[in-house]
Structure formats: C-alpha cells, structure tokens
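Engineer: This is the structure I have questions about; it appears just below.
The values are calculated or read from the model by the stated rules, or taken from the named source; none is laboratory data. Keep in mind it's a predicted model, so treat the numbers as computed, not measured. Please note: Cβ atoms are built from the backbone with ideal geometry, for glycine as well, and neighbour counts cover all protein chains shown.
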Amino acid sequence: MIIAFLGPPGSGKGTQGKRLSEHLKLPHIATGNILRDEVMNASSLGLQSKDIMDKGNLVPDHVASGIISDRINKPDCTEGFILDGFPRTIEQAKSFDTLIGKTNQKIDAVFYIDVSDAILIERLSERRICRRCGWNYHLIYAPSKNGDKCEKCGSEIYQRSDDKIETIKQRLKVYEEQTASLIYFYKQQQKLFNIRGESTIDRVFKEILEKIPGK
Ligand code: AP5
C-alpha cells in the first residue's frame, strides 16, 4: 500500500504520518526529515539544501525525486510505504508515477489535511521535534511528558530553523504556488481523501483510519 500525505506546512502530515506508520507497520518516508539529516551530517546534499530550506523554498524537483527513488528501493519498502512531504509539485508527482509504474505500483490514497493559515502559524511557531527519533511535539497541544526531552527516546527536543515566523510565511506562500495544485491533480484521479485537520490529533487520526481504502 502506498499512501501520501498532502497539506500545508503544519497541517499534521508528520504527526499523522508517524502514527499511521506505526499502525500499518509501513515505513514513514518524510523528504523534509531526510534533508534535515543531510544538513546535520554536512553532506554535499545537505550543504546544497540548507540555505534553500532556511529560506522556506523547495529544493529542486530532481533532488527530491532522487531522494525518494533511493529510499523506496530499500528492502523495508516492499510491502508499501507512507509518504510525507512528497510529492510537492506536479513535476514530482508525474516522475513518481513513472518510477513506481515500472514495477506496476500506484499510489492508493492521498490524504489531504485541510487547516487554516492562522492555525498553521500557531502550530509551527510552537512546534518542537526530537533530534533523534523525529517525534513531533507542540508546546501547548502536545507537550512532551518528559519536559525538554523526548518522551519516546529521551533525546533532546529542538525547534526547527525554518519554524521562524518570516520563514513560515514564505513556506505557506510556496505551498500555495507550487503544491496546492496537487489537490486537483489527485482529485481527478479519485485518490484524494479530505481530512479535517483542525480537530484533535486523535480525532484526525481516527478519520484517516476510517478512510483507508480497503480497510
Ligand atoms: P517538511 O519537513 O516536509 O516541512 P513542511 O511540509 O513545511 O511540513 P511540516 O513538517 O512543517 O508540517 P507537518 O504538516 O508535518 O506538521 P506537523 O505534523 O509537524 O519540509 C521542510 C523543507 O524541506 C521544505 O520547506 C523544503 O525546503 C524541503 N523539502 C521537503 N520535501 C520536499 C520536496 N518534496 N520537494 C522540495 N523540497 C522539499 O505538525 C505541526 C505542529 O502542530 C506540531 O507541533 C504538532 O504537534 C502540532 N499538531 C499536529 N496536528 C495537530 C492537531 N490536530 N491539533 C493540534 N496540534 C497539532
């Protein structure tokens, strides 16, 4: 099963993607997480991407598609996977279809998480993330029970460098200009499932589970 999460920055793609990954026992593949690891390791991809990410812009399509191509070739992806933050442009979506079409695979469902801009800004500015396992927290709505340490693995939790108000606004603009058209793209293919993203994390997750095709 191949599932993709689509939605603006802060809509809950990572939060729900991780939960669904644990529930379905399928890998959670988040291009943003992979890129942040590359930045942290100061690899050549990380060095090329850091400035782009810090400004709230997208890395080039061939870079994002290359990351996904390498990742889904790993053995843990044979039963399927959950995409978070990819595809993010029509170009990426088309090249992904071509890639998985070579092995007769297709995307089964795209969950579009709908949240208004005012809530997105509040969520992103208060978000914290575990440096090791990537679990997401929110200082008000989902604080770690372990203070400034991750309640899952005990590591430090931190604020992302692109979660500053000016960068958040740029990310929202980039989403509208380059990503939102994917809603129509997947709707036309009858793969799009609308998810009301403004209720609690548990309620959003319940709605996602109810809408998984074939479940
Ligand atoms: P990426 O890491 O993908 O960031 P994003 O799309 O901006 O999304 P976020 O991770 O910010 O938000 P989210 O929707 O996952 O929300 P979350 O669950 O954390 O990308 C970062 C950068 O990498 C991009 O800007 C770009 O430069 C590059 N990049 C990545 N992929 C790329 C691609 N394919 N092509 C080109 N460039 C790419 O939730 C947010 C907060 O809200 C958390 O604190 C959470 O606890 C809280 N929360 C979640 N749900 C709820 C709820 N229901 N109620 C209350 N609080 C909630």
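Engineer: Could you please tell me which pairs satisfy a Cβ distance under 6 Å, a separation of 6+ or placement on different chains, a first residue in region 199-213 that is of a type in the set (D, E, K, R), and a second residue that is within 11 Å of the ligand (Cβ to nearest atom)?
Structural biologist: Glu207/Ile195
Engineer: I'd like to know if region 92-105 contains one or more residues that are surrounded by 15 or more Cβ atoms within 10 Å (Cβ to Cβ), within 11 Å of the ligand (Cβ to nearest atom) and among the hydrophobic types (A, V, I, L, M, F, W, C).
Structural biologist: Yes - at least one qualifying residue is present in region 92-105.
Engineer: Let me ask something else about it. Of everything in region 1-20 that's buried (at least 24 other Cβ atoms within 10 Å of the Cβ) and β-branched (Val, Ile, Thr), which residue is nearest to the ligand (Cβ to nearest atom)?
Structural biologist: Among them, the one singled out is Thr15.
Engineer: Select from region 128-152 the residues that are surrounded by fewer than 14 Cβ atoms within 10 Å (Cβ to Cβ) and at pLDDT 95 or above and list them in ascending order.
Structural biologist: The answer is Lys145, and nothing else.
Results for (1) in contact with a Phe, Trp or Tyr (Cβ under 9 Å, 6 or more places away or on another chain); (2) among the acidic types (Asp, Glu); (3) in contact (Cβ under 8 Å) with a residue 40 or more places away in the chain; (4) within 22 Å of Ser21 (Cα to Cα), shown as yes or no for each residue.
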residue: Thr98; (1), (2), (3), (4): no, no, no, no
residue: Ile113; (1), (2), (3), (4): yes, no, yes, yes
residue: Ser116; (1), (2), (3), (4): no, no, yes, no
residue: Ile121; (1), (2), (3), (4): no, no, yes, no
residue: Cys130; (1), (2), (3), (4): yes, no, no, yes
residue: Ala142; (1), (2), (3), (4): no, no, yes, yes
residue: Cys153; (1), (2), (3), (4): yes, no, no, yes
residue: Asp163; (1), (2), (3), (4): no, yes, no, no
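Engineer: Name every residue in region 65-87 that is crowded, with 21+ Cβ neighbours inside 10 Å, in contact with a Leu (Cβ under 8 Å, 6 or more places away or on another chain) and assigned to a loop (DSSP other than H, G, I, E, B), in order of residue number.
Structural biologist: Within region 65-87, Pro87 is the sole residue that qualifies.
Engineer: Another question, then. Determine which member of the set Ile100, Ile113, Ile107 is assigned to a helix (DSSP H, G or I) and of a type in the set (Val, Ile, Thr).
Structural biologist: Answer to the check: Ile100.
Engineer: Within the set of pairs 6+ apart or on separate chains, which have a first residue in region 34-45 that is under 14 Å from Val63 (Cβ atoms) and away from the ligand (no atom under 13 Å from the Cβ), a second that is acidic (Asp, Glu) and part of a helix (DSSP H, G or I), and C-beta atoms under 9 Å apart?
Structural biologist: Cβ pairs passing all conditions: Ser43/Asp37; Ser44/Glu38.
Engineer: Restricting attention to region 22-31, does a residue exist that is more than 7 Å from the ligand (Cβ to nearest atom), buried (at least 20 other Cβ atoms within 10 Å of the Cβ), in contact (Cβ under 8 Å) with a residue 40 or more places away in the chain and within 22 Å of Ile100 (Cβ to Cβ)?
Structural biologist: So far as region 22-31 goes, yes, one or more of its residues are more than 7 Å from the ligand (Cβ to nearest atom), buried (at least 20 other Cβ atoms within 10 Å of the Cβ), in contact (Cβ under 8 Å) with a residue 40 or more places away in the chain and within 22 Å of Ile100 (Cβ to Cβ).
Engineer: So Gly56 fits all but one of (1) on the phi > 0 side of the Ramachandran plot; (2) surrounded by fewer than 21 Cβ atoms within 10 Å (Cβ to Cβ); (3) out of contact with any Asp or Glu (no Cβ under 7 Å at 6 or more places or on another chain); (4) of a type outside the set (Phe, Trp, Tyr); what number is the exception?
Structural biologist: (3)
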